[in-house]
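Visitor: What follows is a single structure, and I will ask about it in a moment.
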Amino acid sequence: MAEVFSFGSESTTEGHPDKLCDQVSDAVLDACLSEDPKCKVACESASKDNMVMVFGEITTSAKLNYDQIVRKAVKGIGYDSYEDKLDTVDSKGVSDKTCEVLVRINKQSPDIAGGVHVGKDEMDVGAGDQGIMFGYASDETEVCMPLTILIATRLGKKLTDVRKDGSLWWLRPDGKTQVTIEYKQNDDGSVEPLKIHTVVISTQHAEPSKAKRSKECEGYKGPEMTAPTMEMMNEAIEKDAIDEVCSKQTKVPAKLCQAALTKVWNSLATKECSPSSTKAPCCQNHCADPSQAKYYSIAKSMHGVPHCGEACMDPKNFKLFHVFEPNLTKAENDSPCKEFGYTEYDSTATHGAGPISMTLDLYDLPKFSIVV
C-alpha cells in the first residue's frame, strides 16, 4: 500500500550569518589565489553583531589587506548600517564602514606543511585534513538535486536578485526559505511528489510604510520612495519570488505549485460560506457574489458513506482548492447535489487548512437509497 509522507529542506540567503562567513572566507581565498596560485589557505570566519573575524593558517607570497577584503565582502552582500540598539528598525546588523574586523592569521603549521607538501613531489602530496562526505544524485529534477532543496535554494537566490535589482528594494540581506513537499512512496519503493505542502519565507525587511529608499539603499539617487505596507510586501514576495520560482524557474508541474502559491498570506477561503451552527446550508441556491461560481464534489466519508458538497468560490481559485478536493467540479446549475440525488442536508464543513481552505455544504442521499 502506498505511503504518503512529507519531506522538507531549507536554504538561506547570502546575508544569513552562515553565508556571510562563507563569503568572507571565500573572498580571502580568492585574494590569495589571484596573486599566488600555490598558496596554502585554511581560513575560517565568524561574525557577531557589528564584528567580523577571520582566523586560521595561511602561507602565501601575496600581500593582502585582510581588513579591506572583509569590508568589501560585507558591502557586496548589502550590509551597510548598524545601530547598537535592540529596538532599532534602521540597523541591518552589520556595517561595512564601522564593523570591527579582527584578524588572527598565522602561517601554516610546520607539522601540517611537512605532511602535506614540503619535500614531496606533485604526485605524492598529502592532505591537511580528513573527512568523510557522502551524497547521491536524484532523478527528481534536471539538475539531479532533490526538488525540495532546489526550490528552497532558488527562492533564496530570487530574494537576493529582486533586492539587488531594486524590484523589492525594501528587502534586506538576511533571510531563510523552507519548502516541504508531500510525497507518495509506491509499492516498488519509488517516490513521487504530490503537492507542495508548505513554503515558508523569513526575511529581513525595512520598516513598512515608513522607510525611505534614499536612506535604505546606499547610493540611490532616483525618485524618493516609501516602503510598502506589510500586506503589500507579502504580496510582492509572492508574485516576484514564489510565483516566479515555482512556476517558471523550477518548472514544477502546475498542480504541485497551486498548493504553495500564497499558502501563507492571501486568504483565498470562500467568503460567502462559513461553517454553520444552525443546521442550515450556507451556499444553497445561486451564489450571491456575481464573481463566484457554484462548485461541487462527490466523495465518500471516512466511514465509506457517500456525500456531496457544494460551495461558491472565485473560479480563479479552482486549481488551488482542487489540490485539497480532487473531485471538485464546476456545476452547470445552482443545485448540483440535488441533481445527483443528494437531497438531505447534513452539515457544513471546511476542507484544507488555514488560508488555503474551502467550505462546503454537505448533502447525503435519502435513507434507503442504493448506490451502485
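The values are calculated or read from the model by the stated rules, or taken from the named source; none is laboratory data. Because the structure is predicted, anything quoted here is derived from the model rather than measured. Backbone-built Cβ (ideal geometry, glycine too); neighbour counts: all protein chains shown.
Visitor: Checking G93 against (1) crowded, with 17+ Cβ neighbours inside 10 Å; (2) closer than 30 Å to S209 by Cβ; (3) at pLDDT 95 or above, only one condition comes out false. Which one?
Guide: Answer for G93: the failing condition is (3).
Visitor: Working carefully through the options K97, K75, find the one that is touching a helix residue (DSSP H, G or I) at 6+ places or on another chain (Cβ under 9 Å), under 30 Å from H205 (Cβ atoms) and not assigned by TED's automatic domain parsing to the domain that holds L171.
Guide: Just a single option satisfies the conditions, and that option is K97.
Visitor: Name every residue in the range 321-339 that is surrounded by fewer than 22 Cβ atoms within 10 Å (Cβ to Cβ) and not in a loop (DSSP other than H, G, I, E, B), in order of residue number. It would help to see each step written out before you state the result.
Guide: First, the residues of the range 321-339 that are surrounded by fewer than 22 Cβ atoms within 10 Å (Cβ to Cβ): 322-327, 329-336, 338-339.
Once the filter is applied, which keeps residues that are surrounded by fewer than 22 Cβ atoms within 10 Å (Cβ to Cβ) and not in a loop (DSSP other than H, G, I, E, B), the range 321-339 yields H322, V323, F324, T329, K330, P336, K338, E339.
Visitor: Now a separate question. Could you please find all residues in the range 3-41 being among the polar types (S, T, N, Q), crowded, with 17+ Cβ neighbours inside 10 Å and within 30 Å of K195 (Cα to Cα)?
Guide: S9, S11, T12, T13
Visitor: In the set L159, L168, which member is among the hydrophobic types (A, V, I, L, M, F, W, C), buried (at least 20 other Cβ atoms within 10 Å of the Cβ) and within 15 Å of the chain's Cα centre (by Cα)?
Guide: So the residue among L159, L168 that is among the hydrophobic types (A, V, I, L, M, F, W, C), buried (at least 20 other Cβ atoms within 10 Å of the Cβ) and within 15 Å of the chain's Cα centre (by Cα) is L159.
Visitor: In the range 285-298, which residues are surrounded by 14 or more Cβ atoms within 10 Å (Cβ to Cβ) and either among the charged types (D, E, K, R) or assigned to a strand (DSSP E or B) (or both)?
Guide: Those that are surrounded by 14 or more Cβ atoms within 10 Å (Cβ to Cβ) and either among the charged types (D, E, K, R) or assigned to a strand (DSSP E or B) (or both): A293, K294, Y295, Y296, S297, I298.
Visitor: In the range 85-95, is there at least one residue being farther than 27 Å from W170 by Cα, free of Cβ contacts under 8 Å to residues at least 60 places away in the same chain and of a type outside the set (A, V, I, L, M, F, W, C)?
Guide: No, the range 85-95 has no match at all.
Visitor: Using the structure shown, decide if K176 is outside the structural domain of D90 (by TED's automatic domain parsing) and within 15 Å of T12 (Cα to Cα). Walk me through how you get there before you give the answer.
Guide: On the way: outside the structural domain of D90 (by TED's automatic domain parsing): yes; within 15 Å of T12 (Cα to Cα): yes.
For K176, the condition - outside the structural domain of D90 (by TED's automatic domain parsing) and within 15 Å of T12 (Cα to Cα) - is met.
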